[in-house]
Amino acid sequence: MTEQQQLSQIYLDANATTPVLPAAAQAALETMQTQFGNPSSSHITGLQAKQIMEQTRGKARKVIGASSGQVIFTSGATEGIQTAILSALYQAKHNYSSEKKPCILYGATEHKAVPESLKHWNHILDIHAEIKAIPVDKDGMLDMDYIAKEVPNALMICTMAVNNETGAEQDLSKLEQVIRSNNPETFWMVDCVQALGKVELDITNTSIDYAPFSGHKLYAMKGIGFVYIREQAPFTPFIAGGGQESGLRSGTENLPGLASLNMIFDELLGQGTGAFADKATLTHYRAQLAEALTTAFPTIVFNNNFACSVPTTLNFAIPGFSAKEILDLFDAANIRVSSGSACSSKVTGSFVLDAMGLPRAQSEAAIRLSFGPAATQHEINDACERIAYCAKALGHSCLVNMNELDNKSTLDGLVQFKVGGSCCWLFVDGDSREAVIIEPLAELTQRLLTVIECQGLKLKAVIDTHGHADHASSRTQLLNDELTAQKTDHLGWPKHCETTVIAGHQLAFIEVGQFALVKVATPGHTEDSISMSLCHKDELAAGKINSLYTFCGDLVLMGTLGRTNFESSDTQKMYHSLTLLHSLLGNDSLLCPSHDYNNEFVTTLDAEMKRNKLLADVLTQSLSLKTFIEQKVQLDNQIHDEKNQEIMCGALTGCTQKHHFIELNKDTLQTHLETHQNVQLIDIREPHEYALNHAQQFDKNVPLTRLADFIAAQKPHKSQPLVLVCRSGSRSSVAAQALARLGFDQVAHLKGGYALAH
Ligand code: PLP
């Protein structure tokens with residue numbers, strides 16, 4: 001990738017918002033600096049402003065085909081939606097006289113502004129109609145039979161012309177026929193936000209009562225929009241005041257916004273700079289992008305049916321990757337896309353795709369790529385090229401297997417994978433390429449198989465620490481022929497292996513290159529629970545476990561102890577297992593539990609004893625076995641199962657304490673780097689993100705999957721100043737918190753991340 005490509009951004013999130021077209025920005029600037037009048041003023045400056053406003057209104061009418069009715073300027077579509085809903089429901093409340101309880105209908109895939117406003121006004125106006133979502137089919141098309149059945153009783157029906165997540169385009173004439181043949185009187189709002197500039201509208205020749213539009217979705221400024229109101233449709237002002245917009249919408253008009261919209265209308269009416277491509281060209285762009293995506297990610301699934309969507313939206317999932325992973329990957333390549341709707345980017349899964357009946361995994365992994373009519377062939381070519389780079393970056397870090405790549409990174413040490421609150425560990429001995437997997441999770445099977453093949457790993461064992469209650473082990477799916485033939489117990493531990501005696505305990509171990517994995521029976525959480533310590537083979541031969549990592553299953557969890565209220569649990573045995581592990585490992589050895597509910601990665605007995613009094617009391621022998629059992633029952637009674645639909649393996653206590661680390665911003669970063677000696681600047685993003693785009697000055701790349709490995713290596717140097725940086729500041733803050741908790745006392749992170757550092 002050239003330097004230029006690294007710097008320039010390709011914005012493919014037009015359904016969230018668009019940049020302002022240069023001609024529109026110029027027009028807005030002029031109204032701020034020269035033609036800045038208030039349209040209500042009667043002097044010349046005011047009259048000029050009014051002229052811009054009325055000219056814009058005239059063009060709006062032409063663009064949407066509104067030869068009659070009202071066109072009122074608003075702050076955006078959300079205000080247009082309020083205006084429409086308030087007007088319709090206020091009237092409907094007075095009209096309705098049926099015995100039957102009325103309903104209000106809206107499409108299940110509608111933008112949240114619609115159902116939320118319906119709920120709000122239904123409540124405020126004291127109507128208490130039943131608000132019903134109209135189901136959609138797998139393509140997002142409204143269920144006409146449902147509408148035919150329900151609409152006779154509907155005060156109002158709200159539908160959308162084009163969906164913002166999928167681009168699905170409703171057949172408005174069919175919809176009109178079904179609505180009006182069953183209820184000629186009901187009020188009908190059509191959200192036209194995503195249709196403007198992409199779909200021909202001839203609104204007066206329909207019976208649509210209200211149609212809200214937004215400027216910022218089509219290269220005008222934010223804060224400007226308009227709403228069409230049919231001639232006979234009822235109207236109630238949503239904003240009262242100085243009587244602007246003929247008293248229909250008060251408040252001084254947003255003239256710069258209007259001027260920008262004016263320019264966009266020129267483009268739509270063929271009187272502008274020719275910035276907008278026609279439908280055939282946009283369809284060609286979509287085909288090109290779809291092909292580039294399919295070539296880069298052959299397993300891709302498209303979530304929208306191109307045959308009934310506008311050409312500017314592609315919605316897809318790449319099996320095996322979360323939406324966040326793809327979003328971060330694309331962001332690193334400076335391609336901006338979104339996961340689901342921008343307004344709900346914190347929410348996992350898309351209610352739109354859920355309503356279409358798509359599998360949950362597909363909905364959770366959904367990425368929306370959207371462009372506008374001002375997209376250029378050059379931009380699309382560039383995007384296609386970068387999509388190929390993104391796939392290659394995944395190949396370099398072995399997240400997809402690309403045989404033709406020669407300079408793949410070489411894995412060495414511990415990798416921590418997570419699915420929800422569950423952890424899975426892969427340890428690789430760098431020299432011999434021998435590896436073990438601990439706590440295999442079904443969701444990771446494909447990813448692990450790819451890594452093993454791509455890295456040429458020789459898998460020595462796949463082992464669970466116990467029979468898990470919250471998930472099924474995927475151990476057997478990972479075994480090669482050799483391992484399948486090997487005799488093991490039900491957890492995957494080999495039947496025939498060497499043993500050694502440590503502190504009077506005979507312990508079995510297996511070799512992984514220059515390391516040994518030593519098994520210690522630690523029953524309690526379940527009868528079959530084991531812990532496994534990884535240490536150097538030579539040290540073990542010398543009679544010590546100088547453990548690098550101990551995979552302790554659900555014996556000690558971060559902030560708690562594993563639950564012992566299963567049928568196969570034994571609290572008394574847990575007490576002895578805890579003291580045994582302590583006597584073998586000491587306080588400071590790194591523990592890798594099977595769960596990490598709070599993004600803490602790894603822990604030590606020392607760190608846990610500071611916040612877990614019960615554990616501290618056991619290990620300092622200040623608690624009798626009897627009292628431990630009593631207190632453990634109380635602890636397990638605090639378990640609130642199915643947090644995020646997971647069975648919790650321990651009652652979380654003591655995880656809320658915040659540990660101190662330094663927060664830097666763009667301005668303080670430089671001073672911090674200058675005033676601290678020997679600072680290590682660490683990029684916390686995943687290696688493929690790092691490979692796509694990073695600043696020269698980073699000393700290291702430590703993704704969260706490798707934080708445990710970094711902690712083990714860095715443990716002797718806890719006072720080394722570290723500055724952690726990621727894309728948005730969220731991963732670096734999580735890592736900084738985890739390091740600070742383990743006693744790293746010179747940790748800083750860049751708040752706001754890369755995004756704000758430029
Ligand atoms: N309706 C749809 C379909 C949208 O996509 C959006 C914006 O995301 C809105 C309504 C809200 O528009 P505005 O941001 O102008 O209030």
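Inside segment 58-81, can you point out the residues that are under 22 Å from Phe238 (Cα atoms) and either of a type in the set (Ser, Thr, Tyr) or free of Cβ contacts under 8 Å to residues at least 24 places away in the same chain (or both)? Of everything in segment 58-81, those that are under 22 Å from Phe238 (Cα atoms) and either of a type in the set (Ser, Thr, Tyr) or free of Cβ contacts under 8 Å to residues at least 24 places away in the same chain (or both) turn out to be Arg61, Ser68, Thr74, Ser75, Thr78. Answer yes or no: is there a residue in segment 142-155 that is within 16 Å of the ligand (Cβ to nearest atom) and among the hydrophobic types (A, V, I, L, M, F, W, C). Yes: one or more hits. The set of residues from segment 331-346 being modelled with pLDDT under 70 and within 14 Å of the ligand (Cβ to nearest atom) comprises Gly340, Ser341, Ala342, Cys343, Ser344, Ser345. Against the numbered list (1) assigned by TED's automatic domain parsing to the domain that holds Arg336; (2) open to solvent by 50 Å² or more (accessible area, probe 1.4 Å); (3) in contact (Cβ under 8 Å) with a residue 12 or more places away in the chain, His284 comes up short only at (3). Against the definition (assigned to a helix (DSSP H, G or I), among the small types (Gly, Ala, Ser) and either open to solvent by less than 90 Å² (accessible area, probe 1.4 Å) or more than 16 Å from the ligand (Cβ to nearest atom) (or both)), how does Ala25 come out, yes or no? For Ala25, the condition - assigned to a helix (DSSP H, G or I), among the small types (Gly, Ala, Ser) and either open to solvent by less than 90 Å² (accessible area, probe 1.4 Å) or more than 16 Å from the ligand (Cβ to nearest atom) (or both) - is met.
Restricting attention to segment 50-64, does a residue exist that is within 39 Å of the chain's Cα centre (by Cα), surrounded by fewer than 13 Cβ atoms within 10 Å (Cβ to Cβ) and either within 16 Å of the ligand (Cβ to nearest atom) or among the hydrophobic types (A, V, I, L, M, F, W, C) (or both)? Within segment 50-64 (the criterion being within 39 Å of the chain's Cα centre (by Cα), surrounded by fewer than 13 Cβ atoms within 10 Å (Cβ to Cβ) and either within 16 Å of the ligand (Cβ to nearest atom) or among the hydrophobic types (A, V, I, L, M, F, W, C) (or both)), the answer is no, since none of the residues qualifies. The single residue among Gly197, Gly223 that is modelled with pLDDT of 95 or more, closer than 24 Å to Thr166 by Cβ and within 16 Å of the ligand (Cβ to nearest atom) turns out to be Gly197.
Residues that are buried (at least 21 other Cβ atoms within 10 Å of the Cβ) and either basic (Lys, Arg) or out of contact with any helix residue (DSSP H, G or I) (no Cβ under 7 Å at 6 or more places or on another chain) (or both) within segment 534-551 comprise Leu534, Cys535, Leu540, Phe551, listed in sequence order.
Quick check, is Thr450 of a type in the set (Val, Ile, Thr), in a helix (DSSP H, G or I), assigned by TED's automatic domain parsing to the domain that holds Phe551 and open to solvent by 70 Å² or more (accessible area, probe 1.4 Å)? So Thr450 fails the test. Of all the criteria given as (1) at pLDDT 95 or above; (2) farther than 30 Å from Ala108 by Cβ, the one not satisfied by Leu411 is (1).
Residues that are among the hydroxyl-bearing types (Ser, Thr, Tyr) and either more than 30 Å from Thr34 (Cβ to Cβ) or touching a Lys or Arg at 6+ places or on another chain (Cβ under 6 Å) (or both) number at least 3 in the following helices (runs of 4 or more DSSP H) confined to segment 50-163: 77-95. Taken together, the criteria exclude Thr500 from residues that are under 29 Å from Leu605 (Cα atoms), open to solvent by less than 70 Å² (accessible area, probe 1.4 Å) and in a loop (DSSP other than H, G, I, E, B).
For segment 161-190, a residue qualifies if it is closer than 23 Å to Lys222 by Cα and open to solvent by less than 10 Å² (accessible area, probe 1.4 Å), and the qualifying residues are Ala161, Val162, Asn163, Glu165, Thr166, Gly167, Met189, Val190. The condition (being under 30 Å from Leu750 (Cα atoms), of a type outside the set (Phe, Trp, Tyr) and buried (at least 21 other Cβ atoms within 10 Å of the Cβ)) is satisfied by just one residue among His688, His672: His688. Out of the residues in segment 230-249 that are among the charged types (D, E, K, R) and at pLDDT 95 or above, state the one that is farthest from Ser67 (Cα to Cα). Selected residue: Arg249. With respect to the stated conditions, Ala469 fails to be among the small types (Gly, Ala, Ser) and either part of a helix (DSSP H, G or I) or open to solvent by less than 10 Å² (accessible area, probe 1.4 Å) (or both). Taken together, the criteria exclude Pro115 from residues that are open to solvent by less than 30 Å² (accessible area, probe 1.4 Å), in contact with a helix residue (DSSP H, G or I) (Cβ under 7 Å, 6 or more places away or on another chain) and not assigned by TED's automatic domain parsing to the domain that holds Thr312. Inspection of segment 229-246 identifies no residue that is touching a residue at least 40 places away in the same chain (Cβ under 8 Å), within 16 Å of the ligand (Cβ to nearest atom) and either crowded, with 24+ Cβ neighbours inside 10 Å or among the polar types (S, T, N, Q) (or both). Quick check on segment 359-417: of everything there that is assigned to a loop (DSSP other than H, G, I, E, B) and among the hydroxyl-bearing types (Ser, Thr, Tyr), which residue is most open to solvent (accessible area, probe 1.4 Å)? Among them, the one singled out is Thr410.
The values are calculated or read from the model by the stated rules, or taken from the named source; none is laboratory data. None of these values were measured; they are calculated from a predicted model. Cβ: placed from backbone, ideal geometry, glycine included. Neighbour counts: every protein chain shown. Protein only, heavy atoms only, side chains kept; ligands, DNA and RNA dropped before computing areas. Shrake-Rupley method; radii C 1.70, N 1.55, O 1.52, S 1.80 Å.
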